[in-house]
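Visitor: This is the structure I want to talk about, given as structure tokens.
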Amino acid sequence: MVRTDSASSIVVSGTCVVQRTVLMIDGSETDRRLMRSAFDEAGSGCQFVGVTNWREALRYLNTGLSPDLIVLTLDDDLSGLEFVRILQAEPEWRSIPVSVFSGGSGYREEKDAVHASGVSDYRTKPIDFDALVAVASDLRESIDERRASRKPAVRQ
């Protein structure tokens, strides 16, 4: 089941800026809520869509919606990397940045497998909420930088 955990828009000088969307894939509802709270605390202004597994994420993407960022959690299970391979194979999804969070124990092997899949952003799950807020802030900034680089130049 795909469900929007929260929604918000950013208002700058009275104009509504296109909303940022984060797709979070994590089997733990508690972890999804914690990540959403961290993004909210970081002032991200993101619509946060939480799903429990990568198959639900594919159903979401197949609706034609395209998030600005996908946050994928691996918990002693590299099956989520199959999702990354599918993303890389689809031209319309290939450019969506993916941030992988690990809760697993096999750090070195897992990190190597994540990088081999084409994902460059690999992080261990912070156990401290303030650290998670800092990560959410960094991810929000990367969304904004990516969006800014895609904007066409304004002619005067």
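Visitor: Out of Asp26, Asp5, I need the residue that is at pLDDT 50 or above and surrounded by 13 or more Cβ atoms within 10 Å (Cβ to Cβ). Which one?
Guide: Unique residue meeting the criteria: Asp26.
Visitor: Kindly provide the set of residues from region 125-138 that are touching a helix residue (DSSP H, G or I) at 6+ places or on another chain (Cβ under 8 Å) and either modelled with pLDDT of 80 or more or aliphatic (A, V, I, L, M) (or both), ordered by number.
Guide: Within region 125-138, Phe129, Leu132, Val133, Val135, Ala136 meet the criteria.
Visitor: Please list, ordered by first then second residue, the pairs with beta carbon atoms under 8 Å, 6 or more apart or interchain, first in region 122-149 and farther than 24 Å from Ser66 by Cα and surrounded by 15 or more Cβ atoms within 10 Å (Cβ to Cβ), second at pLDDT 85 or above and of a type in the set (Ser, Thr, Tyr).
Guide: Taking only residues 6 or more apart or on different chains, the pairs are Lys125/Thr73.
Visitor: Taking Ser105 as meeting all but one of (1) farther than 18 Å from Val135 by Cβ; (2) at pLDDT below 85; (3) not in a loop (DSSP other than H, G, I, E, B), write down the number of the exception.
Guide: It fails just one condition, (3).
Per-residue answers, yes or no, for (1) over 12 Å from the mean Cα position of the chain (by Cα); (2) under 25 Å from Val133 (Cα atoms); (3) touching a residue at least 40 places away in the same chain (Cβ under 8 Å):
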position: Asp40; (1), (2), (3): yes, yes, no
position: Cys46; (1), (2), (3): no, yes, yes
position: Val49; (1), (2), (3): no, yes, yes
position: Gly64; (1), (2), (3): yes, no, no
position: Pro67; (1), (2), (3): no, yes, yes
position: Leu87; (1), (2), (3): yes, no, no
position: Trp93; (1), (2), (3): yes, no, no
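Visitor: Could you go through region 45-62 and let me know if any residue there is modelled with pLDDT of 85 or more, touching a Ser or Thr at 6+ places or on another chain (Cβ under 7 Å) and acidic (Asp, Glu).
Guide: Within region 45-62, not a single residue is modelled with pLDDT of 85 or more, touching a Ser or Thr at 6+ places or on another chain (Cβ under 7 Å) and acidic (Asp, Glu).
The values are calculated or read from the model by the stated rules, or taken from the named source; none is laboratory data. Every value quoted in this text rests on a predicted model; they were computed, and no experiment measured them. Here the Cβ is made from the backbone with ideal geometry for all residues, glycine too, and neighbour counts use every protein chain on show.
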